[in-house]
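The values are calculated or read from the model by the stated rules, or taken from the named source; none is laboratory data. What you see is a predicted model; the values in this text were computed from it and never measured. Quick reminder, even Gly has a Cβ in these numbers, built from the backbone with ideal geometry, and neighbours come from all protein chains shown. Remember, those area values only see protein heavy atoms, side chains included, never the ligands or the DNA or RNA. Shrake-Rupley method; radii C 1.70, N 1.55, O 1.52, S 1.80 Å.
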Amino acid sequence: MNTSCIEIYPGAFHLPGYLSSIQQCELAARCRAIGTGAAGWYVPTVRSGGKMRVRMVCLGWHWNARTYGYEATRSDHDGQPPPPLPDDLSARASRVA
């Protein structure tokens, strides 16, 4: 496994080779399952009222694109709390860190 670490922006790192192609596909499938599940993808609306060109899902905390802040509910979408971050993704993040 290649363990090089490239800082691409302050606090944001690229870890080329950290995940194998198979692991990358598995992670993408896991994220797709979350987005097409109960959490659901949505298109954020920004302060100006414009729609972003991405589909997003928040886990644990919700990023409100209108207020540019995190919140406990998806007040700019459906008023529901975001689902928790799944244990498997939390464990993966801990291993990477």
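Per-atom-type breakdown for the chain gives carbon and sulfur 57% of the accessible area (1.4 Å probe, protein chains only).
Other residues with beta-carbon under 15 Å from the beta-carbon of R74 carry, at +1 per Lys or Arg and -1 per Asp or Glu, a net charge of -1.
Sparse packing (at most 12 other Cβ atoms within 10 Å of the Cβ) combined with a DSSP loop state is found for the following chymotrypsin sites (Phe, Trp or Tyr not before Pro) in the stretch 47-97: Y68.
Full extension of the chain segment joining L15 with A93 gains 26.8 nm, where the gain is 0.36 nm per residue of separation less the Cα-Cα distance. Among [x] 5.5; [y] 8.7; [z] 7.4, only one was calculated for this model; which label is it, if the read-out is mean projected area of the Cα convex hull in nm²? Structure-derived value, by its label: [z].
Couplings 3J(HN,Hα) of the stretch 14-25, computed from phi: 9, 10, x, x, 5, 10, 5, 4, 5, 5, 5, 5 Hz, in residue order, whole Hz [Karplus 6.51 cos²θ - 1.76 cosθ + 1.60, θ = phi - 60°; x for Gly and Pro]. Counting only alpha carbon atoms, the long axis of helix 87-96 and the longest principal axis of the chain meet at about 50°.
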